[in-house]
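Notes follow the structure.
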Amino acid sequence: MMVFAQELVQPQAGVSRELARLRAAQLADVRYGLQFTLAPKTEAIKGSARITFTLKDVQQPVVLDFRDLDGEGRIGNVTINAQAVSDAQQLNGHIILAARHFKTGANEIKLEFTTGASAAGRPLIRYLDKDDGSEFVYTLFVPMDASMAFPCFDQPDVKARFQLSLTVPNGWKAVSNTPSMKQDAQTIQFGETQPISTYLFAFAAGPFQTLDVTGNQSLPMQFYFRPSQRTRAAQEIPAVAELTRDGVKHFEQFFGHRFPFSKYDQVLLPGFAYGGMEHAGATFLREDAILFRTTPAQSDKLGRASLVLHELAHQWFGDLVTMRWFDDLWLKEGFANYMATHAIAALKVEGLEARSAWQRFYLGHKPLAYGIDGTRGTTPIWQDIPNLKDAKSAYGAIVYQKAPSLLHTLSFVVGEEKFQAGVQGFVQRHAYANAEWSDLVRAMEEASGQKLTVWADAWIKQRGMPEVTVEWACDAKGLIETLRLKQSDTQRAKQLWPIKTQVLLAYADGFEDRVTAEFVTATHEVKAAKGKPCPTYVFTNADDYGYGRFLLDGHSTLAVLKRVSLTRDPLMRAMLWGALWEGVRNAQLTPFAFLNAALEALPQEQDELLIGSLLNQVAHAYTRYLTPRQREMMAYRPEELCAKQMTEAESLGVRIHYFRALRAMAASEPARQVLKDLLAGKRTIAGLEIKPLDRWRIIAVLLAQKDAEAETLLAAEIKRDTTDDGRKQAWITAAARAEAVTKARYFNDYLTNKSVAEDWIEGSLSNFNSFGQSELTQPYLSKALAALPQQKRDRKIFFVLAWLNAFIGGQHSPQALSEVQRWLREAKPEPDLERKVLEITDELERIVKIRKAFENRR
């Protein structure tokens, strides 16, 4: 209690767990009446707040959060319970109001404030559409940036009702969490919300065009978009609207709860930092994620569907029921990703059968999750976050890929029907309130009748994952004599996990048998396999219900290399390729063996999703795991295959994947010439229009590879594409120039130029660190690491990962690895940043290890 009291008198920067717990216990029935004046082209935004709440007692000060006080923010005319207050203290981004001004029960704070808006680095974001001069302002408060825009209790478990009034220029429209109740020429008033967390409150304003897509259902729905995008919006929105309506019906049935808010709008915003953000009743979406700028493949359409359904699922899991603290971030993000696939499978989106939907789930979740969970930088799903200022670091593959993977596993452990019953009980019990992971486990136990404490503690609170290997032998009669599974800890911490999996026994005639194995020990004898016919190979995670690194034994590896293409089931075929890829990443299988098998199989493969995944792995192995000399030894076969198949493959979607893979790998002069012929129209791909974004990306590759015509082509494209997006893409593309002066100028912009929008910077990072430029960019490696605290503080959630993936991921040498390791020893970064660096450095360590292990082998 002394610590809690100290936090009220001298609160830390951010929002500490102690302060949050005390306020959650103190406060009830919180309401905000907010007014913002949005003047054209101004970076200063004025507003006022009326905050009402009840206090349990008045022994301690009341602490509001307004972090912008440390920057451009100001407050004035503060009154408490109708009495002027002149002794408000400002400390570490907080407003401390003395206890004597308050009373037990109902209280009211009124104040005026000034905050700022800009193109980057702030939660009030101003965007100028240079195509038509339109101006837009929108908010993005997750995880704790509402307090950068207005004074509030900025923590997820102090839910409140918001009522918003906006003063806007003539001709502007505005959207918020609730429908507008009153509007005149310049003032728009919105109805009061249901109880929501501060990070879920939002608004956007500007000369939007709207499209009502309510259809024949009762829930009002609209899309908001820029006038300059009306043509593209008219083409794409109808399909997205139909998916949204179908998704609402599916989720209402699955969750057993009606749509929880009064309407559902989707707002398309340029330069939005994420794919989407699930504000209650008003999801904000990155414009380019909905309105395609290139000819879409099936995977692109499914990716858009997944995004739309992910944000829609959040309206129940995240908005209706919100985690108490960001250590349980996985509760909302894991469920949203899992439920997106659940809906895609049930609705057969893009004609996808359920089995293929779960194949896509595997391809989009397991490799990423395994790739992070095997690193020294991994974390448990439940992450200890002492202060919300560190909440950004909780985002990543553990939350977005591992958590939904384990929910899929949990549905297998308890059964699909009982899993749904548990979810419904959880939602009903905590509607419009907050919950923790233990509440979900309790609901699952009640629904299933199983004790899940051991399972949950291992999978949610332990970091890392098991590595599962298999040993098997057959007798002289051709029958299985023994089949033994072993689990070990990828972190070498000797942890064990409860595992339930299906073991695949595959035979030369195509027959497959499965036996279930359930164990929590280091070694497990699969007795159900004994006496069965001796298989051609064994795989220990059939149908993807287990989680962990499931490696093939030596005999099975050789068999799978020869027979993987013969596997008829698309999910199992994808998983077997995944197991071979894990062998490459662990330096147990040569990159050459994998590449040769993939290049032989790809022309016969018909599954578009698997082709896209395989080509990504081929490109990674070709550009990262092979040295330049080894690529020459392969006679540039991957590039030749892509150039051939992008014109000859039967499916448009497949042709698109080969075109993109060629662009990613093009190092040879013949491959670059193919790309230049596409730019010039001398070569075409049936059904694929080379759109402006494709052209910019091709030119970036040519610049990076120092093609003799690259600068001429860049200059011509700048003249050709004078649109708002063209200006953005020109800046992003030029970062690929293979010259020191360009790298110096861009890096300086990254750190000091506040006029460059964050999405411009993020979009240019991979070009700055282009394939083949590691020697040119290595001088910026230490500088990029040193800038991490600034990037964490000033940028949005995923930026730090993008920064590290570019600057560490662009390196391949032992010298670069030593440089990162030296920085870790000497800089002693904050624990969350250290974990992120370790996480990303793992792949650099693998590259160095693989190149050394196979430098003289093919």
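The values are calculated or read from the model by the stated rules, or taken from the named source; none is laboratory data. As the structure is a computational prediction, the values presented were derived from the model and not from experiment. Methodologically, a virtual Cβ is constructed for each residue, glycine included, from the backbone with ideal geometry; neighbour enumeration extends over all protein chains shown. Surface accessibility is based on the protein's heavy atoms, side chains included, excluding ligands, DNA and RNA. Shrake-Rupley method; radii C 1.70, N 1.55, O 1.52, S 1.80 Å.
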- prompt: Just checking, which of Leu312, Leu347 is over 17 Å from Phe798 (Cβ atoms) and crowded, with 24+ Cβ neighbours inside 10 Å?
  reply: Leu312
- request: Determine whether Tyr625 is hydroxyl-bearing (Ser, Thr, Tyr) and either modelled with pLDDT of 95 or more or surrounded by fewer than 17 Cβ atoms within 10 Å (Cβ to Cβ) (or both).
  value: yes
field: Residue list for the range 793-805, restricted to those being part of a helix (DSSP H, G or I) and buried (at least 21 other Cβ atoms within 10 Å of the Cβ)
entry: Val800, Trp803, Leu804
- prompt: For the range 348-365, how many residues meet the condition of being touching a helix residue (DSSP H, G or I) at 6+ places or on another chain (Cβ under 6 Å) and farther than 16 Å from Asp607 by Cβ?
  reply: 2
task: State all residues of the range 145-160 that are over 15 Å from Gly73 (Cβ atoms) and either at pLDDT below 95 or not in a loop (DSSP other than H, G, I, E, B) (or both); if no residue qualifies, say none.
output: Ala160
task: Working only within the range 603-622, note down all residues that are open to solvent by 40 Å² or more (accessible area, probe 1.4 Å) and either of a type in the set (A, V, I, L, M) or over 15 Å from Ala664 (Cβ atoms) (or both).
output: Pro603, Gln604, Gln606
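Could you tell me which of the residues Glu826, Glu839, Glu819 is over 19 Å from Ala369 (Cβ atoms), in contact (Cβ under 8 Å) with a residue 40 or more places away in the chain and assigned to a helix (DSSP H, G or I)?
Glu819
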message: Every residue in the range 546-602 that is assigned to a helix (DSSP H, G or I), closer than 30 Å to Gln491 by Cβ and open to solvent by 20 Å² or more (accessible area, probe 1.4 Å), please.
response: Gly554, His555, Thr557, Leu558, Leu561, Trp581, Arg585, Ala593
query: Hey, any hits in the range 681-704 for a residue that's surrounded by 18 or more Cβ atoms within 10 Å (Cβ to Cβ) and modelled with pLDDT under 95?
result: no
Residues (open to solvent by less than 50 Å² (accessible area, probe 1.4 Å) and assigned to a loop (DSSP other than H, G, I, E, B)) located in the range 492-521: Trp497, Pro498, Tyr507, Gly510
query: Does the range 448-468 contain at least one residue that is part of a strand (DSSP E or B) and loosely packed, with under 15 Cβ neighbours inside 10 Å?
result: no
query: Residue check: is Leu713 open to solvent by 10 Å² or more (accessible area, probe 1.4 Å), closer than 20 Å to Ala289 by Cα and over 26 Å from the mean Cα position of the chain (by Cα)?
result: no
- prompt: Taking the range 637-651 on its own, how many of its residues are open to solvent by 60 Å² or more (accessible area, probe 1.4 Å) and assigned to a loop (DSSP other than H, G, I, E, B)?
  reply: 1
query: What are the pairs, 6+ residues apart or on separate chains, where a residue within the range 622-644 that is without any contact (Cβ under 8 Å) to a residue 24 or more places away in the chain has its Cβ under 7 Å from a residue that is part of a helix (DSSP H, G or I) and not aromatic (Phe, Trp, Tyr)?
result: none
message: Residue pairs, Cβ under 6 Å, 6 or more apart or interchain, first in the range 251-268 and within 22 Å of Ile344 (Cβ to Cβ), second in a strand (DSSP E or B). List them.
response: Tyr264/Met221; Gln266/Phe223; Gln266/Thr283; Gln266/Leu285; Leu268/Phe225; Leu268/Leu285
field: Count - residues of the range 272-288 that are part of a loop (DSSP other than H, G, I, E, B) and surrounded by 21 or more Cβ atoms within 10 Å (Cβ to Cβ)
entry: 6
message: Looking at the range 757-789 only, could you name the residues that are more than 26 Å from Gln729 (Cβ to Cβ) and open to solvent by 30 Å² or more (accessible area, probe 1.4 Å)?
response: Glu775, Gln778, Pro779, Ser782, Ala786, Pro789
field: Residue under evaluation Ile188, criteria (1) modelled with pLDDT of 95 or more; (2) in a loop (DSSP other than H, G, I, E, B); (3) buried (at least 16 other Cβ atoms within 10 Å of the Cβ), criterion not met
entry: (2)
Search result, residues across the range 23-41 that are modelled with pLDDT under 95 and within 32 Å of the chain's Cα centre (by Cα): Lys41
field: Long-range neighbours under 8 Å by Cβ, at least six apart or interchain, first residue more than 11 Å from Ile761 (Cα to Cα) within the range 728-742, second open to solvent by 40 Å² or more (accessible area, probe 1.4 Å) and outside any helix (DSSP H, G or I)
entry: Ala738/Gln705; Ala738/Lys706; Ala738/Gly772
task: Consider only pairs whose beta carbons are under 8 Å apart and that are at least six residues apart or on different chains; among these, list those whose first residue lies in the range 224-244 and is more than 17 Å from Pro207 (Cβ to Cβ) and whose second residue is of a type in the set (S, T, N, Q) and open to solvent by less than 10 Å² (accessible area, probe 1.4 Å).
output: Val240/Gln266; Thr244/Gln266
field: Subset tally (residues that are part of a helix (DSSP H, G or I) and either open to solvent by 20 Å² or more (accessible area, probe 1.4 Å) or basic (Lys, Arg) (or both)) for the range 736-756
entry: 9
query: Among the residues of the range 198-218, which ones are surrounded by fewer than 23 Cβ atoms within 10 Å (Cβ to Cβ), touching a residue at least 12 places away in the same chain (Cβ under 8 Å), more than 22 Å from Gly133 (Cβ to Cβ) and polar (S, T, N, Q)?
result: Gln217
task: Consider Thr712 carefully, then state whether it is out of contact with any Pro (no Cβ under 8 Å at 6 or more places or on another chain), more than 26 Å from Leu785 (Cα to Cα) and in a loop (DSSP other than H, G, I, E, B).
output: no
message: So Ile75 ticks every box in (1) touching a Leu at 6+ places or on another chain (Cβ under 8 Å); (2) free of Cβ contacts under 8 Å to residues at least 60 places away in the same chain; (3) open to solvent by 20 Å² or more (accessible area, probe 1.4 Å); (4) among the hydrophobic types (A, V, I, L, M, F, W, C) but one. Which box is left unticked?
response: (2)
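Residue by residue, here is whether (1) under 22 Å from Lys56 (Cβ atoms); (2) of a type in the set (Lys, Arg); (3) not in a loop (DSSP other than H, G, I, E, B) holds:
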{"site": "Asp87", "(1), (2), (3)": "no, no, no"}
{"site": "Ile95", "(1), (2), (3)": "yes, no, yes"}
{"site": "Arg100", "(1), (2), (3)": "yes, yes, yes"}
{"site": "Glu108", "(1), (2), (3)": "yes, no, yes"}
{"site": "Phe113", "(1), (2), (3)": "no, no, yes"}
{"site": "Gly121", "(1), (2), (3)": "no, no, no"}
{"site": "Tyr127", "(1), (2), (3)": "no, no, yes"}
{"site": "Asp132", "(1), (2), (3)": "no, no, no"}
{"site": "Phe141", "(1), (2), (3)": "no, no, no"}
statement: With criteria (1) surrounded by fewer than 19 Cβ atoms within 10 Å (Cβ to Cβ); (2) outside any loop (DSSP other than H, G, I, E, B); (3) of a type outside the set (A, V, I, L, M); (4) touching an Asp or Glu at 6+ places or on another chain (Cβ under 9 Å), Gln235 comes up short on (4)
- line: Listed by first then second residue, the pairs whose first member lies in the range 427-440 and is closer than 18 Å to Thr198 by Cβ, whose partner is open to solvent by 40 Å² or more (accessible area, probe 1.4 Å) and modelled with pLDDT of 95 or more, with beta carbons under 7 Å and at least 6 positions apart or on separate chains, are Tyr432/Gln194; Asn434/Arg324; Ala435/Arg324
